[in-house]
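For reference, the structure is listed below as structure tokens.
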């Protein structure tokens, strides 16, 4: 695919699938369509319908899956879809087939995202174009993936970082962990850093206060924005601090001097609160390594089609 050609791309989420066409690393304008997963029998049916509607013939196909991928096959936890190379080849007629984890696709998009879709959170220091980078996704779930530039190729190893243990450094965080442990076996970062995780933080604060009723994530954000619920503002601060804490640990693991990129619908909703100081304070709370942490730039990605762009970029680098 390095020489060009037309390819079909899909970004398969838990609820919806976005599909697009590309030429080289560029999405074809006006080609993006959205399909509800519950209304389709599988990704093969979605792609067949899309290509028939567009009247398109493709040389390659790449899909991004919001779930684990191994040996060219991916799976979602909430729908029974087969997402593998034979299924995609039969549906598209393409010779070149690739299946990526959604965070891998986001990683391949770095360097191809418009500046107006990047909001600076922490400035950091300038770095080499070959410096490692990191994508951190917070939405229905949480995950992260390092991004390495190797000459003219991009390597994005898959990860399931949302299922690592919750980092705890304060008494408050320990009480939150104990609260989650009472309700969930093997609590992980995703139990906090996700849409449902945010609701869990608010419910914990209600439990701590001995007052109030649990709310849905949207209700909590609306109450905070209206200034009618002090507990909602506290929940946001707890959530943002944990974002900083987790990103800090990941940064020290992969040393992404090229930048940390926050993606996902939940991350975007917290955008206005990421520059309030709580994120930076938790991110740099590393004792003698505090100054070292100021080297890492952090940005919020607001491009809805970054995963599709990443699929296109990945195909364009294949021999």
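The values are calculated or read from the model by the stated rules, or taken from the named source; none is laboratory data. Note that this is a predicted model, so its numbers are computed, not measured. FYI the Cβ positions are ideal-geometry reconstructions off the backbone, even for glycines, and counts take in every protein chain you see.
Checking residue 117 against (1) closer than 26 Å to residue 157 by Cβ; (2) at pLDDT 95 or above; (3) surrounded by 16 or more Cβ atoms within 10 Å (Cβ to Cβ): exactly one of these is not met. Which one?
Unmet for residue 117, out of (1) closer than 26 Å to residue 157 by Cβ; (2) at pLDDT 95 or above; (3) surrounded by 16 or more Cβ atoms within 10 Å (Cβ to Cβ): (3).
Out of all the residues in the stretch 282-316, which are part of a helix (DSSP H, G or I) and closer than 26 Å to residue 26 by Cα?
Residues satisfying the conditions are 306, 307, 308, 309, 310, 311, 312, 313, 314, 315, 316.
Does the stretch 120-137 include one or more residues that are in the same structural domain as residue 16 (by TED's automatic domain parsing) and assigned to a loop (DSSP other than H, G, I, E, B)?
Taking every residue of the stretch 120-137 in turn, none turns out to be in the same structural domain as residue 16 (by TED's automatic domain parsing) and assigned to a loop (DSSP other than H, G, I, E, B).
Matching residues to (1) at positive phi; (2) surrounded by 22 or more Cβ atoms within 10 Å (Cβ to Cβ); (3) in a helix (DSSP H, G or I):
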residue	(1), (2), (3)
158	no, no, no
172	no, no, yes
196	no, no, yes
202	no, yes, yes
213	no, no, no
219	no, no, yes
225	no, no, yes
242	no, yes, yes
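Between 39, 90, which is more than 24 Å from residue 156 (Cβ to Cβ) and without any contact (Cβ under 8 Å) to a residue 12 or more places away in the chain?
Just one listed residue meets the conditions, 39.
Just to be sure, is residue 279 buried (at least 22 other Cβ atoms within 10 Å of the Cβ) and outside any loop (DSSP other than H, G, I, E, B)?
yes
Could you say which residue among 182, 149 is in a strand (DSSP E or B) and surrounded by fewer than 19 Cβ atoms within 10 Å (Cβ to Cβ)?
From the options 182, 149, the qualifying one is 149.
Which number in (1) part of a loop (DSSP other than H, G, I, E, B); (2) within 22 Å of residue 301 (Cβ to Cβ); (3) without any contact (Cβ under 8 Å) to a residue 12 or more places away in the chain marks the one condition that residue 116 misses?
Of (1) part of a loop (DSSP other than H, G, I, E, B); (2) within 22 Å of residue 301 (Cβ to Cβ); (3) without any contact (Cβ under 8 Å) to a residue 12 or more places away in the chain, only one is false for residue 116: (1).
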